[in-house]
1. Scan the range 354-366 residue by residue and report those that are more than 10 Å from the ligand (Cβ to nearest atom) and surrounded by 24 or more Cβ atoms within 10 Å (Cβ to Cβ).
2. Return yes or no: is residue 246 within 14 Å of the ligand (Cβ to nearest atom) and in the same structural domain as residue 84 (by the TED database)?
3. Would you be able to say whether some residue in the range 366-381 is among the aromatic types (Phe, Trp, Tyr), in contact with a strand residue (DSSP E or B) (Cβ under 9 Å, 6 or more places away or on another chain) and modelled with pLDDT under 95?
4. Have a look at 260, 273, 226 and point out the one that is surrounded by 23 or more Cβ atoms within 10 Å (Cβ to Cβ), under 18 Å from residue 375 (Cα atoms) and within 15 Å of the ligand (Cβ to nearest atom).
5. Among the residues of the range 307-357, write down those that are closer than 26 Å to residue 231 by Cα and either outside any helix (DSSP H, G or I) or among the basic types (Lys, Arg) (or both).
6. Going by the conditions given, is residue 7 more than 27 Å from residue 403 (Cα to Cα) and either in contact (Cβ under 8 Å) with a residue 40 or more places away in the chain or not in a helix (DSSP H, G or I) (or both)?
7. Just to be sure, is residue 293 among the charged types (D, E, K, R) and either at pLDDT 95 or above or more than 13 Å from the ligand (Cβ to nearest atom) (or both)?
Amino acid sequence: MTKPAAKIAVNGRNAELKTLTGTIGPDVVDISALYKDTGVFTYDPGFSSTASCESKITYIDGDEGVLLHRGYPIEQLAEKGDFLETCYLLLYGELPTEREKADFNHRVTHHTMVHEQMSRFLSGFRRDAHPMAIMVGSVGALSAFYHDSTDIADPHQRMVASIRMIAKTPTLGAMAYKYHVGQPFVYPQNHLSYSENFLNMCFSVPCEKYEINPVLARAMDRIFILHADHEQNASTSTVRLAGSSGANPFACIAAGIACLWGPAHGGANEAALNMLGEIGTKDRIPEFINRAKDKNDPFRLMGFGHRVYKNYDPRAKIMQQTCHEVLDELGIKDDPLLEVALELEQIALHDPYFIEKKLYPNVDFYSGITLKALGFPTNMFTVLFAVARTVGWIAQWKEMIEDPHQRIGRPRQLYTGEPRRDFLPIDQRG
Ligand code: SDX
């Protein structure tokens, strides 16, 4: 729907800019002609007010705490669906029929193995390498194995690369864990579901049979669903920008993993659990709340706040429910970290600072407690996030490649450096 143009007058020059309307959510002003018409750039370093692309995959309403994947609410997908069904939805745009689901599951299942040389590739890492360092390296290394068959201009090969990525990141994530704990790698088992297979590759050992707990496997599957995609977050934007140059998709996903690792983004689940451990007991919560409010203290409450959600992150609610289910199933009563987390949440949600800045728990706040209870060490939490987010990255990468208006992303800048000056001979410097 066409709306009245946005008019801008700057430095004595005028521009009329198209206003575009989506299905739901804010309109956008198309500023692509702004520099040509006025000679100025826009300036938005954190992209708080900038839409980088048009997308049909995920919609977030931060004020209402709404998250839709292809129009379906995250609450319904997490409760009624499974992770591979969500992967199909994100990739193809519709929920699969019975036959489509069986075919998709079969294709993913039969791509879960990685080239045997990957096990030797991992042996080049230090024994104490952070599993995320191994994930960045090993996913990037996959580009060496498929570079000659990843013609991104061919829709069939784009879909094969997508299936390979979704299928192989759990195997590589489990290998990163096994390498870190010094246990033998466990091969994928095709009779297991995606999440059962991941738990088996992580926790089974050759010496004894590993019994998969269906409640825990369902919880793992739901955690994957909650982390699958999230609009144009930092790591997805990284994948889109890397992909806009036509780079190998495996290399683009490796770039996304690198970005996700940061504590302000996917690394927050590891940082949040470490923070809960540092707080230790409920009586120390006020000390940390005060530190979080102190402008001179870089400390932030990890797992709180969000660039988009200025209400409760809908994923955090589902994660909290999942956390209780897992702890109940494992008979973990009075988990001290959960006690601290619940009390911290209550205090923060009633504190004027957090209310005024609209800081609510995000997806990372309860995930750490849940993942720790499932048996994962803290440094594996972001690996799990990366395994789940791979489908979101690859779906967004595909959408970008298939956009007929797609061009290489190349932002400009506000230059505040030195004006032109001539080279100084060394005896005239200083
Ligand atoms: C994820 O984008 C996505 O969708 C990401 C994600 C996804 O699925 O891809 O949802 C996953 O990354 C979730 C976020 C995980 N990160 C954390 O939990 C780390 C702690 N949170 C903060 O670092 C912060 O809230 C961010 C990074 C999440 C958001 O940062 P913004 O949008 O840049 O907000 P900001 O830093 O400008 O903060 C606004 C104000 C500031 O105070 P003022 O300068 O206005 O006085 O709120 C304060 C901040 O100091 N603030 C916090 C806080 N988060 C923001 N104060 C204390 N503790 C916090 N956690």
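The values are calculated or read from the model by the stated rules, or taken from the named source; none is laboratory data. What you see is a predicted model; the values in this text were computed from it and never measured. Glycine also receives a Cβ, built like all others from the backbone with ideal geometry; neighbour counts cover every protein chain displayed.
1. Result: 366, single match.
2. no
3. Taking every residue of the range 366-381 in turn, none turns out to be among the aromatic types (Phe, Trp, Tyr), in contact with a strand residue (DSSP E or B) (Cβ under 9 Å, 6 or more places away or on another chain) and modelled with pLDDT under 95.
4. Going through 260, 273, 226 in turn, just one is surrounded by 23 or more Cβ atoms within 10 Å (Cβ to Cβ), under 18 Å from residue 375 (Cα atoms) and within 15 Å of the ligand (Cβ to nearest atom): 273.
5. Answer for the range 307-357, where residues must be closer than 26 Å to residue 231 by Cα and either outside any helix (DSSP H, G or I) or among the basic types (Lys, Arg) (or both): 307, 308, 309, 310, 311, 312, 313, 315, 317, 357.
6. yes
7. no
Here's the yes/no breakdown for (1) closer than 25 Å to residue 235 by Cα; (2) modelled with pLDDT under 95; (3) touching a Pro at 6+ places or on another chain (Cβ under 9 Å); (4) among the acidic types (Asp, Glu):
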| site | (1), (2), (3), (4) |
| --- | --- |
| 4 | no, yes, no, no |
| 22 | yes, no, no, no |
| 40 | no, no, no, no |
| 51 | yes, no, yes, no |
| 55 | yes, no, no, no |
| 68 | yes, no, no, no |
| 74 | yes, no, yes, no |
| 82 | yes, no, no, yes |
| 85 | yes, no, yes, yes |
